[in-house]
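The values are calculated or read from the model by the stated rules, or taken from the named source; none is laboratory data. Everything numeric in this text was worked out from a predicted model, so none of it was measured. So basically every Cβ, Gly included, is an ideal-geometry build from the backbone, and we count neighbours across all protein chains shown. Remember, those area values only see protein heavy atoms, side chains included, never the ligands or the DNA or RNA. Shrake-Rupley method; radii C 1.70, N 1.55, O 1.52, S 1.80 Å.
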Amino acid sequence: MPDQEAALGLLADQLIQVTKEDGTSLPLRLVTFQNERGEIYCYLTNRLDFKALTVVQLYLWRWEIELLFAWLKRHLIFKHWYSENENGVRIQLFAGLICFFIVKVVCRYSPPD
């Protein structure tokens with residue numbers, strides 16, 4: 001492991017074999033990372049083609065996406081997607097955002113009771 005990756009918090013990048021019930025083995029990658037607060041995270045992935053720090057960054061971005069969806073559900077009251085294709089999801093998302101911002105503007109500029 002290069003010193004630069006270790007300085008960024010990468011502790012280990014290991015290739016492991018997991019044996020399935022049928023006896024076949026599956027190659028997986030175990031990436032161990034320590035953040036600046038000293039917390040250690042282990043990421044298990046089947047993506048062998050990425051650099052170890054890229055795997056860490058993808059998991060961090062995944063958490064940001066989860067937070068975005070939590071915000072959407074909380075503020076836009078999305079219980080489920082009405083469409084499963086990309087364009088339908090985009091329309092629902094933009095319609096929800098437009099309604100959210102209209103409500104925010106109306107609440108801001110309406111006189112208090």
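Computed over the chain with a Gaussian network model linking Cα atoms closer than 10 Å, the most mobile of 54, 19, 45 is 19. Applying a DSSP loop filter and a limit of 14 other Cβ atoms within 10 Å to the trypsin sites (Lys or Arg not before Pro) in region 5-103 leaves 20, 37, 47, 51, 79. Loop-located chymotrypsin sites (Phe, Trp or Tyr not before Pro) in region 45-90 (DSSP state not H, G, I, E or B) with no more than 16 neighbouring Cβ atoms inside 10 Å: 50, 78, 81, 82. The long axis of helix 86-109 is offset from the longest Cα principal axis of the chain by roughly 50 degrees.
Rounded to the nearest 20 debye, the dipole size of the chain about its Cα centre is 520 debye, using +1 on the Cβ of Lys and Arg and -1 on the Cβ of Asp and Glu. For the chain, the solvent-accessible area works out to 82 Å² per residue, with a probe of 1.4 Å and every protein chain left in place.
Along its first, second and third principal axes, ordered by size, region 10-51 spans 41, 20, 11 Å in Cα coordinates. A dipole drawn for the chain from +1 and -1 charges on Cβ atoms has a positive end, and of 100, 83, 44 the residue lying farthest that way is 100.
Helix 52-75 axis versus longest C-alpha principal axis of the chain: approximately 20°, rounded to the nearest ten. Of 31, 56, 18, the residue with the greatest mean-square motion in the GNM of the chain, using alpha carbon springs below 10 Å, is 18. Considering only alpha-carbon pairs that sit under 8 angstrom and 6 or more positions apart, the relative contact order computed for the chain is 14 percent. For region 22-113, the Cα gyration tensor yields ellipsoid semi-axes of 40, 20, 10 Å (square root of five times each eigenvalue, largest first, whole Å).
Rolling a 1.4 Å probe over the protein heavy atoms of the chain, with every protein chain left in place, gives an accessible area that is 60 percent carbon and sulfur.
For residue 51, the lysines whose Cα comes closer than 29 Å to its Cα, not counting residues fewer than 8 places off in the same chain, are 20. Global dimensions of region 65-106 from alpha-carbon coordinates: Rg and Dmax equal 10.6, 32 Å.
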